[in-house]
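Here's the structure, in structure tokens; my notes come after.
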Amino acid sequence: MAKKTGTWNASDLPDLSGRTAVVTGANSGIGFTAADALARSGAHVVFAVRDPERGRAAAARVSGSTEVRRLDLADLASVREFAAGWDRPLDLLINNAGVMMLPERSTRDGFEMQFGTNHLGHFALTNLLLPYLEDRVVTVSSGLHRGGVIRFDDVNLRGTYHPSRAYAQSKLANLLFTLEVQRRLTEAGSPVRALAAHPGYAATNLQSHTANPLARLGMRLGNLLVAQDDRGGALPTLYAATQDLPGASYVGPSGRGEMRGAPALVGRSAAASDPVAARRLWTLSEEMTGVTWPLGAEAV
């Protein structure tokens, strides 16, 4: 069973020798910190990154077994290419990469960038790799999912785009995806588990790309005064990836407001717990990506 979380940290990771993990966005922030901790615990870690040169520079700083493969989640052709090149068992898939509160822009396939990268790219990647997956998939969401609404009439938010609205929608989608993929895994009799995590308020470079200069300033101040470092921010991901937790669990910091602290099971919004919305989002995501459920007959 999972260890009590009061003082849990990366030194409590089990021996991961012989296990393989794919970490998206592993070249920086909590993705790098998680990849580093997994490798130090014996796992072979694949840095799935948009820029292989930066990925190789990051992997060179890690003590352990690593490799670097190109993956651009904002380009479904790149996602398919990555998955087509995979040919061995995979223990852990950590859907970590993301973009946050960008000015309005589109992915290569014409999707709103935050929804397309944070949700659709990981949706496609997970489904394409599921035939190889043996243990679990962990998707990184955010406490800001609580402000999210899935605009099913137009998830690309054409004419109604706002950076924070788009980000919250994508993070809500991450949790609905976790809920539905776990339902489908259970229905298929698969031992694989789907979990989600959020880092709390972690000081990383993610906030530096926000569209609003005042928001960037506020986040810089928050990073200095409130945030935990990327090592603390990675702990919920590592806990979800390695501890004996039920499928569809959601892990975050245990401190006040889930901003910082040791990892623990945390709650989610009612919208993130809606199975009808989760199925509707799944259907929409299949239509948008052309990627469908790979494990036997379609779950109903």
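Every number in this text was worked out from the coordinates using simple rules, so none of it is lab data. Since the model is a prediction, treat every value here as computed from it, not as a measurement. With ideal geometry, Cβ positions are generated from the backbone for all residues, glycine too; neighbour counts draw on all protein chains shown.
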Could you tell me what % of all Cα pairs in the stretch 3-69 have separations over 21 Å?
21
Put +1 on the Cβ of every Lys and Arg and -1 on every Asp and Glu Cβ in the chain; which of Leu175, Met259, Gly147 then has its Cα farthest towards the positive end of the dipole?
Met259
Given 20 °C and 1.002 mPa s, compute D for the stretch 154-205 with the Stokes-Einstein relation, Rh being the Kirkwood radius over Cα pairs; round to the nearest whole µm²/s.
161
Using a Gaussian network model of the chain whose springs link C-alpha atoms within less than 10 Å, name the residue from Ile30, Ile150, Ile94 with the highest mean-square fluctuation.
Ile150
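Any idea what the relative contact order of the stretch 13-146 is, in percent, if you count C-alpha pairs under 8 Å spaced at least 6 apart? Kindly include the intermediate steps, with their values, before the conclusion.
Numbers: 257 pairs, mean separation 31.2, N = 134.
That works out to 23 percent.
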Looking at the chain only, what percent of DSSP beta bridges run antiparallel? Nearest 5 please.
15
For every other residue with a beta carbon closer than 11 angstrom to the beta carbon of Val192, add +1 if it is Lys or Arg and -1 if Asp or Glu, then tell me the sum.
0
I'd like to verify something in the chain: which complete DSSP H helices, judged by Cα projection on the helix axis, reach 30 Å or more and average at least -0.5 on the Kyte-Doolittle scale?
163-187
In debye to the nearest 20, the charge dipole size for the stretch 1-99, taken about the Cα centre with +1 at each Lys and Arg Cβ and -1 at each Asp and Glu Cβ, equals 180
For the chain, the charge dipole (Cβ of Lys, Arg +1; Cβ of Asp, Glu -1; about the Cα centre) points to a positive end, and the Cα of Ser164, Trp86, Ala124 closest to that extreme belongs to Ser164
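Which semi-axes, in whole Å and largest first, does the equivalent ellipsoid of the stretch 25-132 have when worked out from the alpha carbon gyration tensor as the square roots of 5 times its eigenvalues? It would help to have the intermediate numbers written out before the result.
Working: eigenvalues 106, 54, 25 Å².
Ellipsoid half-lengths, sorted descending, are 23, 16, 11 Å.
Let me check I have the definition right: for the stretch 64-213, take the eigenvalues of the Cα gyration tensor, multiply each by 5, take square roots. What are those semi-axes in whole Å, largest first?
Values: eigenvalues 132, 59, 49 Å².
Here the semi-axes work out to 26, 17, 16 Å.
Taking the Cα centre of the chain as origin, sum charge times position over the Cβ atoms of Lys and Arg (+1) and Asp and Glu (-1), and report the length of that vector in debye to the nearest 20.
So the dipole magnitude of the chain works out to roughly 740 debye.
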Excluding the sites themselves, what is the longest stretch of the chain that contains no trypsin sites (Lys or Arg not before Pro) in a DSSP loop with at most 15 other C-beta atoms within 10 Å?
159-300
Difference of contour (0.36 nm per residue) and Cα-Cα distance, Glu104 to Ser63:
10.9 nm
With springs only between Cα atoms under 10 Å apart, run a GNM on the chain and tell me which of Ala166, Ala188, Ala58 wobbles the most.
Ala188
Which values, in whole Å and largest first, are the semi-axes of the equivalent ellipsoid of the chain obtained as the square root of 5 times each eigenvalue of the Cα gyration tensor?
24, 23, 20
